[in-house]
1. Return the pairs, sorted by first residue and then second, in which the second residue is modelled with pLDDT of 55 or more and not in a strand (DSSP E or B), the first residue lies in region 50-75 and is under 19 Å from Leu7 (Cα atoms) and of a type in the set (Phe, Trp, Tyr), the beta carbons are less than 6 Å apart, and the residues are 6+ apart or on different chains.
2. What residue, among those in region 105-115 that are among the small types (Gly, Ala, Ser) and either touching a residue at least 24 places away in the same chain (Cβ under 8 Å) or closer than 24 Å to Ala30 by Cβ (or both), is surrounded by the fewest Cβ atoms within 10 Å (Cβ to Cβ)?
3. Just for region 29-46: of the residues that are assigned to a loop (DSSP other than H, G, I, E, B) and of a type in the set (Gly, Ala, Ser), which one is surrounded by the fewest Cβ atoms within 10 Å (Cβ to Cβ)?
4. Give the number of residues within region 15-49 that are free of Cβ contacts under 8 Å to residues at least 24 places away in the same chain and within 14 Å of Leu80 (Cα to Cα).
5. For region 12-28: of the residues being open to solvent by 40 Å² or more (accessible area, probe 1.4 Å) and assigned to a helix (DSSP H, G or I), which is farthest from Trp95 (Cα to Cα)?
6. Any idea which residue in region 76-87 is farthest from Ala30 (Cα to Cα), counting only those that are touching a strand residue (DSSP E or B) at 6+ places or on another chain (Cβ under 7 Å) and of a type outside the set (A, V, I, L, M, F, W, C)?
7. Can you name the residue in region 65-104 that is part of a loop (DSSP other than H, G, I, E, B) and under 14 Å from Leu12 (Cβ atoms) and, of all such residues, is most open to solvent (accessible area, probe 1.4 Å)?
Amino acid sequence: MRVTSDLWVSALLRRVFGAGGFAAVVKRGATEAGAVFVLARGRSGDIALFGPASQTSYDSAKPDDRFFSLLGAGDDATVLEARLEREKKFDPDIWVVEIEAGAVSVEELISVKSP
């Protein structure tokens, strides 16, 4: 049984705060199975957008994990926010969580798969 998006996002927020970072839910999606997007901001102004990885990234050793892939990165937030707007039009039930990871890397907080 897969963890609901609501519970997964709550756990992510706790992990971020526990690591000394900051996090906020920018858009609340479907409680049960909304896709989760993570907008990670660095302290130096850089920004990265992570979205659900493709189904081919599924790991049978970790059947309940959520995997993410890097959708874009840089210091221009408008490009990434435009990508999020397109995603919202395609699926209005998405979650958007913005984090500033603090002392740990984003990869320690979410499972990132390379494309």
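1. Phe67/Ala53; Phe67/Lys113; Phe68/Ala53; Phe68/Ile110
2. Only one residue fits best here, namely Ser114.
3. Ser44
4. 0
5. If we take residues in region 12-28 being open to solvent by 40 Å² or more (accessible area, probe 1.4 Å) and assigned to a helix (DSSP H, G or I), then Gly18 is farthest from Trp95 (Cα to Cα).
6. Ranking the qualifying residues of region 76-87, first place goes to Arg83.
7. Once the filter is applied, the top-ranked residue is Asp65.
Here's the yes/no breakdown for (1) within 12 Å of the chain's Cα centre (by Cα); (2) modelled with pLDDT of 85 or more:
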residue	(1), (2)
Lys62	no, no
Leu70	yes, yes
Asp75	no, no
Glu85	no, yes
Gly102	no, no
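The values are calculated or read from the model by the stated rules, or taken from the named source; none is laboratory data. Since we're looking at a predicted model, the values are computed, not measured. With ideal geometry, Cβ positions are generated from the backbone for all residues, glycine too; neighbour counts draw on all protein chains shown. We work out accessible area using only protein heavy atoms, side chains counted, and drop any ligands, DNA or RNA first. Shrake-Rupley method; radii C 1.70, N 1.55, O 1.52, S 1.80 Å.
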